[in-house]
Amino acid sequence: MSTSPASPTIINSRVLPYPRAQVFGAFQNPEILAQWWGPNGFTNTFDEFDFRPGGMWRFTMHAPTGAAFPNVSRFVEVEAPSRIVFHHEDPVHWFEMVMTYENVPADGGADANTRLTWRMTFATVEEAENLRAFITDANEQNLGRLEACLKGMG
């Protein structure tokens, strides 16, 4: 899902059948995060993952074609297990990513599900519009990989 056109923000959201602490933990742990981060077929090499406000996250995404995409981000907020904010600073597109983790009651009333929402805000509407279709699809693939990773851990 994404916001309406003419917005600098792209939003993807999914309800995952796992507790919030477990979903948050799949990002918090760099060994697990490296397994699912990115679109289908991508792998990651993490050089730095300092998961705290002001901490850096430097990694390379490797495409199935062999292309390498260096990424540099800085964590702005880390509020376990409810919120992560980082600025993707380099090298191609600047954006702010706000990730929220919300409890969603399951059929039995327990908070066994988590709504994970990614809100990516770009510097300009034009940049977001140029990337919207690609990013919306890539983020859905990414969320699918997260769900598969969580299932495999169960």
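The values are calculated or read from the model by the stated rules, or taken from the named source; none is laboratory data. Note that the coordinates shown come from a computational prediction; the quantities given were computed from them, not determined experimentally. We place every Cβ from the backbone using ideal geometry, glycine too, and count neighbours over all the protein chains shown. Just so you know, the surface numbers come from the protein's heavy atoms only, side chains and all, with ligands and any DNA or RNA stripped out. Shrake-Rupley method; radii C 1.70, N 1.55, O 1.52, S 1.80 Å.
Might you check whether a residue that is surrounded by fewer than 19 Cβ atoms within 10 Å (Cβ to Cβ) and part of a strand (DSSP E or B) occurs anywhere in region 20-31? Talk me through it step by step, then tell me what you get.
Let us first name the residues in region 20-31 that are surrounded by fewer than 19 Cβ atoms within 10 Å (Cβ to Cβ), namely 21-22, 25, 28-31.
After this cut, where a residue has to be part of a strand (DSSP E or B) as well, the list is none.
No: zero hits.
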Next item on the list: Consider only pairs whose beta carbons are under 7 Å apart and that are at least six residues apart or on different chains; among these, list those whose first residue lies in region 112-141 and is open to solvent by less than 20 Å² (accessible area, probe 1.4 Å) and whose second residue is outside any strand (DSSP E or B) and among the β-branched types (Val, Ile, Thr).
Entry: 114/23; 116/23; 120/135
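Just the residues that are open to solvent by 30 Å² or more (accessible area, probe 1.4 Å) and in contact (Cβ under 8 Å) with a residue 60 or more places away in the chain, please, taken from region 35-46. Spell out how you get there, then give the answer.
First, the residues of region 35-46 that are open to solvent by 30 Å² or more (accessible area, probe 1.4 Å): 35, 40-43, 45-46.
35, 40, listed by residue number.
Yes/no per residue for (1) in contact with a Phe, Trp or Tyr (Cβ under 7 Å, 6 or more places away or on another chain); (2) part of a helix (DSSP H, G or I); (3) among the basic types (Lys, Arg):
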| site | (1), (2), (3) |
| --- | --- |
| 117 | no, no, no |
| 120 | yes, no, no |
| 130 | no, yes, no |
| 134 | no, yes, no |
| 140 | no, yes, no |
| 147 | no, yes, no |
Check: Looking at region 70-127, which of its residues are polar (S, T, N, Q) and over 15 Å from residue 28 (Cα atoms)?
Finding: 71, 103, 113, 114, 117, 121, 124
Check: Are any residues in region 47-88 open to solvent by 50 Å² or more (accessible area, probe 1.4 Å) and in a strand (DSSP E or B), and if so, which ones?
Finding: 47, 48, 58, 62, 68, 69, 70, 74, 76, 77, 79, 83
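Between 95, 134, 69, 122, which is of a type outside the set (S, T, N, Q) and touching a Pro at 6+ places or on another chain (Cβ under 8 Å)? Step through it out loud before you land on a result.
Working: 95 fails: touching a Pro at 6+ places or on another chain (Cβ under 8 Å); 134 fails: touching a Pro at 6+ places or on another chain (Cβ under 8 Å); 69 fails: touching a Pro at 6+ places or on another chain (Cβ under 8 Å).
The match here is 122.
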